[in-house]
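Student: Take this structure, written in structure tokens, and hold onto it; I'll ask about it next.
The values are calculated or read from the model by the stated rules, or taken from the named source; none is laboratory data. None of these values were measured; they are calculated from a predicted model. Ideal geometry is used to build each Cβ from the backbone, glycine not excepted, and the neighbour counts take in all protein chains shown.
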Amino acid sequence: MKLPYFCACAASRAGGYCPCTCLATGSSRRGGAAGRLASGLLLLTLLGGAAHAQRPDLRLGLVASGGTDADSAAVYFEPGATPGFDIDFDAGKLLNPSGLNLASLTVDGQQLATNGLPPSLLGNPLAVSLYVTVPAYGTYTLQVGKLANFAPTAVYLTDALLQTTALLAPGTAYAFELTAANTSGTYATSTRFALQFVPSAAPLPVTLTRFTAEVRPRGMQLAWGTATEWHSAYFAVERSVDGQAFAELGRVAAAGSSGQPRDYALLDAQPLAGVGYYRLRQVDLDGSLSYSPVRVVAPAPQGLTLFPNPAHAPVTLLDAGPQGLVQILDGRGRLVAITTADATGRAHVVLPAGLAGGSTWCRRARK
């Protein structure tokens, strides 16, 4: 018999919605005759025998810098639970007024503080998206409080924004920073972070190893590679003129499921006249998706030849015109170097020390 969680507060004992908030677990709610659950100052877990003690159980916390504020979410697996919301196994999320929130999402996007799932789902790779909100700029940490009884399944935390995958164990901490450069202040996401439950015999879901955009004689060449894929449907290359609004440029079919490295490419035969922004959208068979980092590039002016390209050392420009003035700009269009071609139109360019990795481009300028 499934025995529920109860909060120790008076409102819960009276059968009402629990208003508690907790520095350790955040707020939640639970309905039905079993009572209402809130992640309050005290949670009493009534375990119905040894079976409950052996169920796969993960507790993940979201902690602000300095540890002054925190929230948490739980995901566990037990017979009788369902992928959607189930009043006997799940606890819905009540958002904290502090603005710091962590929840897992059901298949239809409902936010849960406690998420019970059927053990049968662990037979194949399973992704559970996380809902994360933070109130201000700063450093935050996702930290494992409990991870038990998952063998032989491995549990990972994936960050779609940074394209990182971390293997989780008890005590694992994953820090991420929010600054004025990557968020407007407050921040909420249901697509960046996810838990991946992967049986030992199965490969990880799609792991992107690279994504490049380079100028070629025929246009802009987009190329990317994956280390592993699982239930991957296709890749869509998206392009933007301002880095904000993206439109799909083309699609490339994915491998489906593969444990071997794969290479992909798509040519933009009509690149933008100026700076262009590209990103990759990866879509799984179940419709879930993730985005690559954005690449910023621009075609070289007609008749101007640059080699080697890409480069990390001095480069040579041809056809710049006798004594032609050449400007070098970074991916944001900022001037970083100026050089003058010789009498044959050849110019040697030394890239500035400390120039950030990514795209740089050049143009002829009037003296």
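Student: Among the residues of segment 343-353, is any under 24 Å from Tyr277 (Cα atoms) and either part of a loop (DSSP other than H, G, I, E, B) or at pLDDT 65 or above (or both)?
Tutor: Checked segment 343-353: at least one residue is under 24 Å from Tyr277 (Cα atoms) and either part of a loop (DSSP other than H, G, I, E, B) or at pLDDT 65 or above (or both).
Student: Right, next: Restricting to segment 65-85, name every residue that is of a type outside the set (S, T, N, Q) and modelled with pLDDT under 90.
Tutor: Gly66, Gly67, Asp69, Ala70
Here is a yes/no grid of residues against (1) in contact with a helix residue (DSSP H, G or I) (Cβ under 9 Å, 6 or more places away or on another chain); (2) under 30 Å from Asn149 (Cβ atoms); (3) in contact (Cβ under 8 Å) with a residue 12 or more places away in the chain; (4) of a type in the set (S, T, N, Q):
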{"residue": "Gln196", "(1), (2), (3), (4)": "no, yes, yes, yes"}
{"residue": "Val206", "(1), (2), (3), (4)": "no, yes, yes, no"}
{"residue": "Arg218", "(1), (2), (3), (4)": "no, no, yes, no"}
{"residue": "Ala253", "(1), (2), (3), (4)": "no, no, yes, no"}
{"residue": "Leu267", "(1), (2), (3), (4)": "no, no, yes, no"}
{"residue": "Arg279", "(1), (2), (3), (4)": "no, no, yes, no"}
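Student: In addition: Taking Arg218, is it more than 22 Å from Leu285 (Cβ to Cβ) and at pLDDT below 85?
Tutor: Numbers: more than 22 Å from Leu285 (Cβ to Cβ): yes; at pLDDT below 85: yes.
Considered against the rule, which asks whether it is more than 22 Å from Leu285 (Cβ to Cβ) and at pLDDT below 85, Arg218 comes out as yes.
Student: Whether any residue in segment 305-317 is assigned to a loop (DSSP other than H, G, I, E, B), modelled with pLDDT under 70 and hydrophobic (A, V, I, L, M, F, W, C) is what I want to check.
Tutor: Among the residues of segment 305-317, at least one is assigned to a loop (DSSP other than H, G, I, E, B), modelled with pLDDT under 70 and hydrophobic (A, V, I, L, M, F, W, C), which makes the answer yes.
Student: Identify all residues within segment 55-94 that are buried (at least 17 other Cβ atoms within 10 Å of the Cβ), among the hydrophobic types (A, V, I, L, M, F, W, C) and more than 26 Å from Leu167 (Cβ to Cβ); write none if there are none.
Tutor: Phe85, Phe89, Ala91, Leu94
Student: Right, next: Determine whether Gly276 is at positive phi and either at pLDDT below 90 or surrounded by 18 or more Cβ atoms within 10 Å (Cβ to Cβ) (or both). Quick ask: steps written out before the conclusion?
Tutor: On the way: at positive phi: no; either at pLDDT below 90 or surrounded by 18 or more Cβ atoms within 10 Å (Cβ to Cβ) (or both): yes.
When the stated conditions are applied, Gly276 does not pass them.
Student: Please go through (1) of a type outside the set (Ser, Thr, Tyr); (2) within 17 Å of the chain's Cα centre (by Cα); (3) surrounded by fewer than 18 Cβ atoms within 10 Å (Cβ to Cβ) for Asp108 and return the number of the only condition it doesn't satisfy.
Tutor: All conditions pass for Asp108, except number (2).
Student: Sort out which residues of segment 66-122 are assigned to a loop (DSSP other than H, G, I, E, B) and among the hydroxyl-bearing types (Ser, Thr, Tyr), and write them in order of number.
Tutor: Residues satisfying the conditions are Thr68, Thr82, Ser98, Thr106.
Student: List pairs: first residue in segment 126-147 and within 21 Å of Val198 (Cβ to Cβ) and in contact (Cβ under 8 Å) with a residue 24 or more places away in the chain, second residue in a loop (DSSP other than H, G, I, E, B) and among the aliphatic types (A, V, I, L, M) anywhere in the structure, Cβ distance under 7 angstrom, at least six positions apart or on different chains.
Tutor: From residues that are within 21 Å of Val198 (Cβ to Cβ) and in contact (Cβ under 8 Å) with a residue 24 or more places away in the chain, the pairs are Val144/Leu168; Val144/Ala169; Leu147/Leu168; Leu147/Ala169.
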